[in-house]
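One structure below.
Only the coordinates and a few stated rules stand behind these numbers; no lab work does. Because the structure is a prediction, the values reported are computed rather than measured. Methodologically, a virtual Cβ is constructed for each residue, glycine included, from the backbone with ideal geometry; neighbour enumeration extends over all protein chains shown.
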Amino acid sequence: MPTESSAIETMANKEYKWGFVTDLESDTLPPGLSEETVRKISQLKNEPPFLTEWRLKAFRHWQTMTEPHWPNVKFDPIDYQAVSYYSAPKKKKTLASLDEVDPELLKTYEKLGVPLHEQKIFAGVAVDAVFDSVSVATTFKEKLAEMGIIFCSFSEAVQKHPELVRKYLGSVVPYSDNFFATLNSAVFSDGSFCYVPKGVKCPMELSTYFRINERNTGQFERTLIIADEGASVSYLEGCTAPMRDENQLHAAVVELVALDNASIKYSTVQNWYPGDKDGKGGIYNFVTKRGKCLGVASRISWTQVETGSAITWKYPSVILQGDDSVGEFYSVALTNHRQQADTGTKMIHIGRNTRSTIVSKGISAGFGQNTYRGLVKILKHAVGARNYTQCDSMLIGDKCGAHTFPYIEVRNTSAKAEHEASTSKIGEDQLFYCKQRGISLEDAVNMIINGFCKEVFKELPMEFAVEAQKLLGVSLEGSVG
Amino acid sequence: MALLEVKNLHAKVQGREILKGIDLTINPGEVHAIMGPNGSGKSTLASVLAGRENYEVTDGAAIFNGKDILELSPDERACEGLFLAFQYPVEIPGVSTSYFLKAAVNAIRKYRGEPELDAMDFLKLIKEKMKLLEMDQSFMNRSINEGFSGGEKKRNEIFQMTVLDPKLCILDETDSGLDIDALKIVSQGVNALRNPNRGILLVTHYQRLLNYIVPDFVHVLRDGRIIKSGDKSLALELEAKGYGWLENAA
């Protein structure tokens, strides 16, 4: 009879499926960071002066900052001068349609399963694909444009809608916010932009697929989503990267703005290369994501499934400024082998009767270290504010760790904050029960983990919930018992 | 050919020998009851046959369906047609009963080289079986065993057994914690499964269950050995005289 551990070994030796490299010619800036680099990026992208200035302000501020090491993760200091801050597939001319996109690129996306082709219209997904730093193709744009929805690359938005960019850029995450966000503000290369006008409900899921291809490039996207009064939009971000021995930095910024009665749902399935089983290589995913419920009765909901990256360090947050606004955070974070995650959220209650919900599921396997860190802050004027936090950890094996750091600050006596937490081990009894019914060890582990994450998965758009479940199975190279 | 042939089975748990040479033959169509006082090794026997970890077989053999099942993993044993109704069914939060059962049905079908059932066929299959055990539709959408009453859990075990259609059913103290109504329903379910091809092994402390599921053979287990075998009258005799009666006889 095969022993438990050998079956798990087999699972553990599954390789990262997305670790291929696409052979493309690209324009890449030499490594190094200076005011010159920042100006060069801005110039390459033909940006208006206000943006160049904004980048430079960020860069100057960044020089006064030091790399933070307060989270519960360990990494060697990054040599920021060794990173190239701009990489773009070489293009011969401006692309008018998908047919003109480099077939090599399209092949890559096909491998990734991105429904880039228009014929996949029935899938109902509009994709803005970011390959290294430049957005190469945006599908469904025209259809969305008919409804007044702007969905394009950040660069295009800068050219075509500078007034919107100027008004909202940095309004949620200021350029001086934190070390990595500030770095991003100085050197961000591209990203996605979305504006949904008053009263419009976006009829399809919008999606960005990030992929880091070039060696030694940091990826610094900037995403900005604005839902005007009464508008609603659901957005999905998915990420993969090829296998590399060295660590790559991913320092993105996402800003969401919801005006009166607007709602934004932002879902992430993050599957960056996690490094090998000894912790060599992998992505440093240091991301600042924040939404602002600016208007009354607005709603912002973050859902994340984090299975990749060597280090994940992010706290998708909501500033609940408008009265009666709602913030939500649903998270599954899985760490295996030598992966580390320090993730959670911040819910800042400013308006009256603001409500927030936090559901966090951490899964640790192998030598993985998983930390939930969350802040619920209820300010003085937030009469009737409410928070509910549920924070569950599951351990697989005995060499991993789960940590919880909840911070709760309440300055209003009418506010209510609830916090529930649990830690459990995947049970021998549960596994035996499944196996006794004919279910293999691998399927049993997946089933139990998926059950554990169900509350989060049900928040994902249908088609991605299925994907997320599969991903969890692939990423779970865990040891049981 | 015997369905299950256990020969001189010895097993240890945490270094302590619990089974000290069990011999037991179950032919197709037979219902056997294993009775015995607490700590006699009844549940250990059920666990060893199903392949639970931490039970170390030190000697003997168990041939099921012509195969040495001690060489098979628990899931392979299940796929071969061995079913264990648990004394303490396990909760799996977030996994619905129907999802769980569909995964089980299809894992077994796959093992046997049969095509997997799609959602419609599966639904048809379970609806039929649910009626038999007077189960409510809502059962299927609830997380498996989570928040179920004792009776509901046991009924769910028998329901799963009915759906999976095993060759050998082992029922580990299925009667414990059941009120009389639930006991009747569960027994009905088990009796409906009796057929000339299937074997049933009832592990029980009390003879009460045997009023409803009448066994062909009764074995009394004590200190890891079968000390007496007989027909259903043996159970009644035990009920009247207590285990002490055999204790003295042995």
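Numbers at a glance
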read-out: Amide proton proximity set for B:Ile226, modelled H, under 5 Å, gap of 5+; value: B:Asp23
read-out: Radius of gyration, Dmax [the range B:185-242; alpha carbons; angstrom]; value: 12.1, 34
read-out: Neighbour-count order for A:Trp70, A:Trp62, fewest beta carbons within 10 angstrom listed first; value: A:Trp70, A:Trp62
read-out: The range B:4-249, relative contact order in percent, only Cα pairs under 8 angstrom and at least six apart counted; value: 29 percent
read-out: Space enclosed by the convex hull of the alpha-carbon atoms of the range B:4-249, per residue, Å³; value: 123 Å³
read-out: Histogram of C-alpha separations across the range B:22-85, 5 Å bin width, %; value: 4, 15, 27, 28, 19, 7, 0
read-out: The range A:30-71: Rg to Rh, with Rh as the Kirkwood radius over Cα pairs; value: 1.07
read-out: For the range B:62-133 versus the range A:258-296, the gap between their alpha-carbon centres in whole angstrom; value: 39 Å
read-out: Total charge dipole magnitude, the range B:4-249, about the Cα centre, Cβ charges on Lys, Arg, Asp, Glu only, Debye to nearest 20; value: 200 debye
read-out: The range A:382-457 - charge dipole about Cα centre, Lys and Arg +1 at Cβ, Asp and Glu -1, debye rounded to 20; value: 180 debye
read-out: Choice from B:Ala50, B:Ala103, B:Ala240 showing the highest fluctuation, given a GNM over chain B with Cα pairs closer than 10 Å; value: B:Ala240
read-out: Pairwise centroid distance, computed over Cα atoms, of the range A:400-469 with the range A:357-397, Å; value: 12 Å
read-out: Cβ crowding within 10 Å averaged over residues, with A:183-191, A:77-85 ranked highest first; value: A:183-191, A:77-85
read-out: Proxy reagent accessibility, fewest Cβ within 10 Å first, across A:Tyr407, A:Tyr273; value: A:Tyr407, A:Tyr273
read-out: Of the DSSP H helices in chain B, those whose Cα atoms cover at least 24 Å axially and whose Kyte score averages -1.0 or more; value: none
read-out: Average other protein chain Cβ within 10 Å of Cβ, residues B:110-117; value: 1
read-out: Charge dipole magnitude, Cβ of K and R +1, D and E -1 - the range A:316-443, Cα centre, debye nearest 20; value: 400 debye
read-out: For the range B:134-218, with +1 on Lys and Arg beta carbons and -1 on Asp and Glu, the positive-most of B:Gln207, B:Leu171, B:Pro196 along the dipole; value: B:Pro196
read-out: Per-residue mean of C-beta atoms belonging to partner chains within 10 Å, peptide A:442-450; value: 3
read-out: Ranked by how many other beta carbons lie within 10 Å on average, peptides B:117-123, B:210-216 from highest; value: B:210-216, B:117-123
read-out: Beta bridges per DSSP with both ends in chain B, % antiparallel, nearest 5; value: 60 percent
read-out: Residue order, fewest to most beta carbons within 10 Å, for B:Met161, A:Met462; value: A:Met462, B:Met161
